[in-house]
1. Give the residues of region 49-78 that are surrounded by fewer than 18 Cβ atoms within 10 Å (Cβ to Cβ) and more than 22 Å from LYS144 (Cβ to Cβ), sorted by residue number.
2. Could you give every pair whose Cβ atoms fall below 9 Å, whose first residue belongs to region 95-114 and is in the same structural domain as LEU74 (by TED's automatic domain parsing) and in a loop (DSSP other than H, G, I, E, B), and whose second residue is among the aromatic types (Phe, Trp, Tyr) and modelled with pLDDT under 95, counting only separations of at least 6 or pairs across chains?
3. Would you be able to tell me the number of residues in region 115-140 that are in a loop (DSSP other than H, G, I, E, B) and either outside the structural domain of LEU23 (by TED's automatic domain parsing) or under 20 Å from the mean Cα position of the chain (by Cα) (or both)?
4. So which residues in region 268-279 are of a type outside the set (Gly, Ala, Ser) and either not assigned by TED's automatic domain parsing to the domain that holds ARG256 or not in a strand (DSSP E or B) (or both)?
5. So if I check each of TYR237, TYR246, which one is under 30 Å from LEU82 (Cα atoms), modelled with pLDDT under 95 and surrounded by 20 or more Cβ atoms within 10 Å (Cβ to Cβ)?
6. What residue, among those in region 261-274 that are closer than 17 Å to TYR188 by Cβ and surrounded by fewer than 19 Cβ atoms within 10 Å (Cβ to Cβ), is modelled with the lowest pLDDT?
Amino acid sequence: MPELPEVETVRRGLEQRLAGRVLARVDQRRADLRFPLPRDFAKRLTGRRVVSVGRRAKYLLVNLDDGNVLLAHLGMSGRMVLEKPKGGPQTLGKFHHDRGKRDRHDHIVLTADDGWVVKFNDPRRFGMMDLVPAERLAGHKLIKNLGPEPLDPAFDAQALALRLKGKKTSIKTALLDQRVVVGIGNIYACEALFRAGISPKRLARTVQGARVEKLVAAIKAVLDDAIAAGGSTLRDYVQASGELGYFQHRFQVYDREGKACVSRACRKKVRRLVQGGRSTFYCANCQR
């Protein structure tokens with residue numbers, strides 16, 4: 001599943017091409033994705049001007065001029081495909097380039113008034129779309145229980161310490177809990193814990209004081225670095241420009257089981273363990 005840096009890369013690509021444009025045509029090719037699509041979905045979108053494209057956690061927020069928000073999630077296999085009025089497509093999200101042909105998994109197709117086309121392609125249909133009045137967005141069932149944004153200035157050591165207080169789960173598991181903090185995901189949790197020198201097995205409630213300060217700084221730095229790199233390409237994810245994300249070349253522990261720790265003062269081998277059904281990669285010598 002795309003994590004925060006990948007979704008933010010998608011958001012920036014959509015913002016560049018859709019902000020200020022009118023959705024001249026909307027093709028809805030099925031009645032449902034993960035959930036049923038809203039009634040008169042295509043009709044309600046057609047003719048609307050896109051004011052801006054935002055993000056909340058791993059959800060894309062397309063703000064429309066009628067006060068509604070197109071809420072979208074890529075799910076496990078979803079991607080946004082941008083097609084130029086003339087020329088080849090660019091892919092926002094994961095998986096292979098669309099070659100300009102109609103794909104049976106192109107479930108929603110948005111055509112802007114300048115000819116640019118955005119296709120939502122989702123083979124497994126774990127993605128979703130909804131239309132929500134902006135004033136009700138915060139109370140939407142998928143949004144209302146979400147924790148703070150990790151790149152928000154308000155997300156600091158004090159804020160995270162409060163959310164970890166009393167938690168008996170591991171710190172790695174806590175970082176994947178969207179009620180604690182949103183969007184970090186498995187890859188960036190592993191990388192942030194390594195940078196902070198914190199064992200993924202440590203109880204979340206013990207990450208306080210200097211430890212939580214280091215962890216918050218590491219989370220922000222890892223996510224900023226990943227966004228600057230266009231995300232991580234683990235299959236054939238590409239960013240808005242059509243280029244591959246390349247943060248995977250900077251992984252310090254993730255997917256490096258059995259390889260030497262990147263710290264020259266250590267050089268022990270990176271280990272792997274399973275936590276909550278997810279692989280965790282860490283250095284037992286550097287992370288305590």
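1. Scanning region 49-78 gives ARG49, VAL51, ASP65, ASP66, MET76.
2. PHE95/TYR237
3. 7
4. If the condition is that a residue be of a type outside the set (Gly, Ala, Ser) and either not assigned by TED's automatic domain parsing to the domain that holds ARG256 or not in a strand (DSSP E or B) (or both), then LYS268, VAL270 are the ones that fit.
5. TYR237
6. VAL262
The values are calculated or read from the model by the stated rules, or taken from the named source; none is laboratory data. Every value quoted in this text rests on a predicted model; they were computed, and no experiment measured them. Glycine also receives a Cβ, built like all others from the backbone with ideal geometry; neighbour counts cover every protein chain displayed.
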